[in-house]
Amino acid sequence: MKSTIFDLDITAPTCVHKSPSDDVHVYEFTIPILPAFAIEYFTLQFGAMSCFPDKQDSIQNDRLTVFPGYSLDKFDGKLVVHYHGIRDYTLLFPFVTNISLQERLGNFYREAEITFENASWLSFMLMCGAIFEGILFAKLGQNKSFNDLISDASYEGLIDAYTVSIMNKVRGYRNLVHSSKHTDPYVSRMDSMDTRITLDKLIKAA
């Protein structure tokens, strides 16, 4: 069983607050990549309070509906999803409108997951580079080099400075496939772990 966390922002356009009365509060959160996960169960956290959902709370397709019994105006929320695996890897990229690119990114992520779990760090970095480049290509609509896509995405505020540093590190590791790079340091476990975290945060944020 695996788990992953989604932030629940009640101020975001993806949240609808329904309040039929002072003591009844209903929140609907749209989380586009939820259908990708084979979910066994989920838990909720609002502020310091963590709980299993009650019988009214539900996940249907990309929508989480919760009945907290109180207003969430003063609470940060989190959804913790416990899942068996990914049902369909293309569903991790709902923002990609080009179907063939979406399928290709799904294939890349599947291989990235396999190589990560088997500590095949260089193969993992190669797949991450392909995913990063594909995401930026889809977001910017520009057929440019990976380096230029990173620069443009940073300039437009699509990625922060830390993500830029991770992407540039991945870009450098991709060059290790060239024989002339045999004296360069090999991919480290630490960099692989940092890249995996960045990859999954980027997919959730997209």
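The simple spin-label model puts a point 7 Å past each Cα toward its Cβ; for THR14 and LYS78 those points are separated by 1.7 nm. With 0.36 nm allotted per residue and the present C-alpha distance subtracted, the THR43-ASN168 stretch has 41.4 nm of extension available. How many angstrom lie between the C-alpha centres of region 72-92 and region 45-64? About 10 Å separates the Cα centre of region 72-92 from the one of region 45-64.
Determine, from the Cβ-Cβ distance of PHE67 and ARG87 and an R0 of 22 Å, the FRET efficiency 1/(1 + (r/R0)^6), rounded to the nearest 0.05. That gives a FRET efficiency of 0.25.
The count of lysine pairs in the chain with alpha-carbon distances below 15 Å, taking only pairs 8 or more places apart or on different chains, stands at 4. Applying 1/(1 + (r/R0)^6) with R0 = 22 Å to the Cβ-Cβ distance of MET190 and SER3 gives a FRET efficiency near 0.50.
Per-residue extension of 0.36 nm, minus the Cα-Cα distance of THR30 and ASP200, leaves a gain of 59.4 nm for this segment. Annotation: region 15-79 has a Kirkwood hydrodynamic radius of 12.4 angstrom, from the mean reciprocal C-alpha pair distance. In this structure, HIS182 and ASN147 have a Cβ-Cβ separation that, at R0 = 25 Å, corresponds to a calculated FRET efficiency of about 0.65. Where in the chain are the DSSP H helices whose C-alpha atoms run 18 Å or more along the long axis and whose mean Kyte hydropathy is at least 0.5? What comes out of the filter, once short or polar helices are dropped, is 121-140.
Values in this text are rule-based calculations from the coordinates and carry no lab data. All values derive from a computational prediction rather than experimental measurement. Using ideal geometry, Cβ is built from the backbone for each residue, glycine included, and neighbour counts are taken over all protein chains shown.
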